[in-house]
Protein chains: 2
Amino acid sequence: MAVEKVTPCTPNEVTEPNDDVSRLDISRLSVSLTESPKALLAPETLRFGMTFTDHMAVATYDPSTGWSNPEIKPYAPLTLDPASSCFQYCSNVFEGMKAYLGPDGKARLFRPELNMRRLERSAARLALPPIDGDGTLELIKRLVLTEKRWIPTLQGYSLYLRPTIIGTRPSLGVAASDHSMLYVIASPCGPYFPQGLRPVSLLAVSDKVRAWPGGTGGYKVGGNYSPGFLPQRVAAKQGYDQVLWLFGEEKRVTEAGAMNFFVVVARDDGDGHDFITAPLDGTILPGVTRASCLALASDPAFNNTAGLNLHPVERTYTIQDLVQWSSQGKLMEALCIGTAAIVAAVNKIGYEGRDVSVPEHEAGLGPVGMALREKILAIQDGREEYEGWSVVCE
Amino acid sequence: MAVEKVTPCTPNEVTEPNDDVSRLDISRLSVSLTESPKALLAPETLRFGMTFTDHMAVATYDPSTGWSNPEIKPYAPLTLDPASSCFQYCSNVFEGMKAYLGPDGKARLFRPELNMRRLERSAARLALPPIDGDGTLELIKRLVLTEKRWIPTLQGYSLYLRPTIIGTRPSLGVAASDHSMLYVIASPCGPYFPQGLRPVSLLAVSDKVRAWPGGTGGYKVGGNYSPGFLPQRVAAKQGYDQVLWLFGEEKRVTEAGAMNFFVVVARDDGDGHDFITAPLDGTILPGVTRASCLALASDPAFNNTAGLNLHPVERTYTIQDLVQWSSQGKLMEALCIGTAAIVAAVNKIGYEGRDVSVPEHEAGLGPVGMALREKILAIQDGREEYEGWSVVCE
């Protein structure tokens with residue numbers, strides 16, 4: 001079974017040839033440092049995505065001249081025409097990445113080439129100007145090195161990076177943006193959920209739909225997110241932390257909030273556990289952490305060391321399957337998985353006025369969630385080498 | 001049959017009570033006029049959405065203080081934090097409206113209260129702060145009066161208005177934007193399609209999908225538009241002007257480009273023509289021009305005067321129905337209908353390598369399209385009074 005299907009790309013979405021105007025030339029980078037660097041905050045006081053570092057990276061694309069020389073400059077507001085595509089038609093895509101400081105004092109990124117390929121595909125899906133993922137990655141590395149003092153050293157803490165591309169065509173005609181801006185901002189952060197490893201609860205939602213075949217759910221497109229805010233508010237009012245997105249008449253389980261979703265189910269043949277997530281059918285974001293968890297789950301060495309026997313499975317499954325597995329005592333763990341949260345446990349899923357319960361564990365995470373989280377963190381912060389996943393910025 | 005279903009609203013989407021902080025107080029409007037007004041362009045040189053007037057209207061929402069005092073001020077770029085919701089999660093909604101100058105020299109809007117109710121619903125769908133549609137309409141009227149010299153007087157020309165709301169919460173946490181900015185920009189414009197009344201061609205698309213039940217297709221949400229740019233580009237490369245969006249396995253006909261879509265089909269009983277469009281099932285934008293055309297088509301006086309016998313029908317129908325109606329000689333007209341284009345004729349629809357042909361007419365539009373367009377234009381520019389649809393700005 002293939003577990004690394006991170007690159008679905010239909011013929012229409014191929015970016016144009018990588019000619020001169022679509023190259024981001026990092027050799028022409030200009031760096032302008034702030035004269036008033038901010039004081040660092042105590043890591044414990046950080047709330048996700050609220051604090052930003054001193055600098056940002058920026059480049060702009062003009063259809064006649066291609067990508068501008070990239071810049072690293074003091075963090076500052078953007079100044080944009082009110083008719084710009086980014087406001088009117090939301091031709092905006094982004095990535096989420098994290099930089100860690102290794103025991104060797106070097107800054108590291110986690111599988112950043114996967115983010116870059118996805119960024120290229122996302123931009124192509126919205127017919128934005130072509131993205132030079134390799135050049136963008138070099139720019140990101142330079143920003144990380146510039147902001148190295150901002151990378152928290154507390155375990156589980158990191159410097160969250162947000163590469164963003166916005167359409168800047170200043171016209172109301174409903175057409176692709178032929179101008180764009182690429183920028184990268186950085187935010188020191190701790191655990192995504194304020195409660196740390198305490199499990200989150202989900203409310204299953206089917207009246208609102210996050211993504212559909214032929215839409216943009218398989219791309220990291222800004223417009224995928226705001227339609228989820230209202231269901232999220234409804235879930236919060238009912239006492240749930242996040243939404244579990246169901247799809248279709250059969251109520252297939254897809255994603256949780258803005259994360260991929262996995263379940264650990266005891267196998268009928270007694271041969272360990274199925275580690276199940278929805279397949280990349282266009283409604284599911286091809287998450288980097290998702291791909292990494294699937295790869296680890298299929299690695300005998302990881303299973304042996306962790307005392308696990310996981311069978312990774314990408315398959316469609318429904319909320320009724322979840323209800324049944326729970327009532328049969330087979331549903332061992334449910335996990336939200338993504339760059340920001342890494343691996344978070346789920347303890348209950350509200351559905352039609354009742355809660356599907358998931359076993360709770362003293363440590364917050366169950367054995368599968370804990371082993372995956374620990375392993376990924378160890379790879380991310382450079383304590384363990386694994387398949388070249390951790391990439392040093394230099 | 002109900003033809004004015006412009007207000008579908010599920011319980012979850014009701015905006016919060018219109019208390020003090022959610023009121024836009026037009027009595028506190030400040031007006032600051034430009035010192036360097038621009039020269040007007042010759043109407044014939046205008047391209048849709050490319051030229052903007054001297055001023056814009058702006059108000060901002062802060063969760064602790066509510067709506068700021070509204071302002072009319074010189075047209076200028078927006079200055080926004082790069083972490084703002086509008087860039088990251090696309091919490092952006094908008095409206096399209098037109099101001100005309102009547103024979104009495106007064107500026108007029110067309111059924112603006114429908115736009116304001118839709119703007120309120122769109123904002124609520126993205127969990128944006130509550131919109132005061134009535135206050136917003138007053139602000140728009142003031143802007144129109146300020147920019148009156150920009151309203152073109154050539155028939156079929158108007159001042160296009162773009163009320164826009166963007167989320168301005170400067171945080172990467174995936175949550176509703178509790179801050180927002182409302183702004184209105186204005187653009188003098190002529191016919192939406194550069195070819196004027198010449199018919200447009202459509203390419204039927206089913207591999208990409210514009211909207212889905214439970215999504216945001218029934219709201220004027222910015223994120224609905226950019227996913228259409230890639231299919232639009234594919235259509236253009238194949239020589240078609242716009243996309244005809246199909247939906248589902250049965251390939252239901254939904255919208256055309258960013259417009260509602262209608263067909264005129266001869267009835268089997270010989271009693272005139274069915275005037276058919278897709279129903280408001282959540283995948284269709286409840287267009288103001290759509291509602292107006294349905295209302296006119298059900299008005300005996302309009303039918304009599306125009307020599308028509310239309311039976312408006314909101315029903316699902318498929319591309320196979322279109323193919324069949326065309327081959328039987330019953331498909332008399334196909335029309336794209338929206339604020340920008342008003343009523344545009346379609347002459348062919350590409351589907352699976354063949355073209356579904358639609359009769360062409362010397363005048364560009366057929367009798368139904370022409371009668372609707374003429375009537376709506378006459379109401380919009382104040383030559384005819386009809387049901388209070390034309391609202392004077394004063």
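The values are calculated or read from the model by the stated rules, or taken from the named source; none is laboratory data. These numbers were taken from a predicted model, which means no experiment stands behind them. All Cβ positions, glycine included, derive from the backbone under ideal geometry; neighbour counts span all protein chains shown. Note: areas computed on protein heavy atoms with side chains; ligands, DNA, RNA excluded. Shrake-Rupley method; radii C 1.70, N 1.55, O 1.52, S 1.80 Å.
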Review point. Using modelled amide H (1.01 Å from N, peptide plane; none on Pro or chain starts), what sits under 5 Å from the amide H of B:VAL356, excluding residues fewer than 5 places away?
Key: B:ILE349, B:GLY350, B:TYR351
Point to revise | Ranking by accessible area, most exposed first, for B:GLU394, B:GLU374, B:GLU138, B:GLU95 with a 1.4 Å probe | key: B:GLU394, B:GLU374, B:GLU138, B:GLU95
Study note, to complete from the structure: Rounded to a whole %, the carbon-and-sulfur portion of the accessible area of the range B:20-189 at a 1.4 Å probe is 50
Exercise for review: Would you kindly derive the ³J(HN,Hα) couplings of the range B:217-228 from the backbone phi angles with the Karplus curve 6.51 cos²θ - 1.76 cosθ + 1.60 (θ = phi - 60°), listing them in order in whole Hz, with x for Gly and Pro?
Suggested key: x, x, 10, 9, 9, x, x, 6, 8, 4, x, x
Point to revise | Members of the range A:150-188 that become less accessible by 50 Å² or more once partner protein chains are added (1.4 angstrom probe, chain alone as reference) | key: A:ARG162, A:LEU172, A:VAL174
Exercise for review: Take every Cα-Cα distance within chain A, group them into 20 Å bins from 0 onward, and report for each bin the whole-number percent of pairs it holds.
Suggested key: 27, 58, 15, 0
**Study point:** Relative packing of peptides B:326-332, B:97-103 - highest average C-beta neighbours within 10 Å first
**Key:** B:97-103, B:326-332
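Please sort A:384-392, A:160-168, B:231-239 by packing, taking for each peptide the average over its residues of neighbouring beta carbons within 10 angstrom, highest first. Can you show the working numbers first?
Numbers: A:384-392: 14.4, A:160-168: 25.2, B:231-239: 16.3.
Going by the mean number of other Cβ atoms within 10 Å, highest first, we get A:160-168, B:231-239, A:384-392.
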Point to revise | Nearest-first distances (nm) between copies at B:GLY272, label 7 Å from Cα via Cβ | key: 7.0
Revision key, fill the gap. Per the C-alpha gyration tensor (a ≥ b ≥ c, the square roots of its eigenvalues), the range A:200-379 is rounded if a/c is under 1.5, else prolate if a/b beats b/c, else oblate; here it's prolate
Review point. Can you list the HN-Hα couplings for the range B:343-349, worked out from phi with the Karplus curve (6.51, -1.76, 1.60; θ = phi - 60°), rounded to whole Hz and with x for Gly and Pro?
Key: 9, 10, 7, 10, 10, 7, 10
Study note, to complete from the structure: Sorted shortest first, the nm distances from the A:ARG198 label point (7 Å along Cα→Cβ) to its counterparts in the other copies are 6.6
Point to revise | Placed amide H near A:HIS55: partners under 5 Å, 5+ positions off or other chain | key: A:TYR75
Check your understanding: At 222 nm, what helix-only mean residue ellipticity would chain B give, in deg cm²/dmol to the nearest 500, using -39500 (n - 2.57) for each DSSP H run of four or more?
Key -> -6000 deg cm²/dmol
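Send over a whole-number figure in Å² for the accessible area per residue of chain B, probe 1.4 Å. Don't skip to the end; give the middle numbers.
Details: 14460 Å² over 394 residues.
Accessible surface, normalised per residue, equals 37 Å².
How big a patch of accessible area, both sides summed and in Å² to the nearest 100, lies buried between A and B at a 1.4 Å probe? Let's see the in-between values first.
On the way: alone 17160 and 17190 Å², together 28900 Å².
Roughly 5500 Å² of accessible surface disappears when A and B pair.
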Review point. What fraction, in whole percent, of alpha-carbon pairs in the range A:20-189 exceed 20 Å separation?
Key: 52
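Order of A:31-43, B:200-212 by packing, highest average Cβ count within 10 Å first? Spell out each step's value before the answer.
Values: A:31-43: 10.5, B:200-212: 21.5.
The most tightly packed comes first, giving B:200-212, A:31-43.
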Practice item. Using θ = phi - 60° and the Karplus relation 6.51 cos²θ - 1.76 cosθ + 1.60, list the HN-Hα couplings for the range B:76-85 in order, rounded to whole Hz, with x at every Gly or Pro. Key: 7, x, 8, 10, 9, 4, x, 8, 4, 3
Check your understanding: At B:ALA42, with labels set 7 Å past Cα in the Cβ direction, how many nm apart are the copies from this one, shortest first?
Key -> 7.1
**Study point:** Volume per residue that the Cα convex hull of the protein assembly as shown spans, once the total is divided by residue count, Å³
**Key:** 173
Check your understanding: How big is the range A:275-394 in terms of Cα radius of gyration and Dmax, in angstroms?
Key -> 15.3, 53
Study note, to complete from the structure: The correct pairing of chain A residue and whole-Å distance, for the Cβ nearest the axis that maps A onto B, is A:GLY223, 1
Revision key, fill the gap. In short, the range B:216-231 residues buried by 10 Å² or more of accessible area relative to the isolated chain (1.4 Å probe) are B:THR216, B:GLY222, B:GLY223, B:TYR225, B:SER226, B:PRO227, B:PHE229, B:LEU230
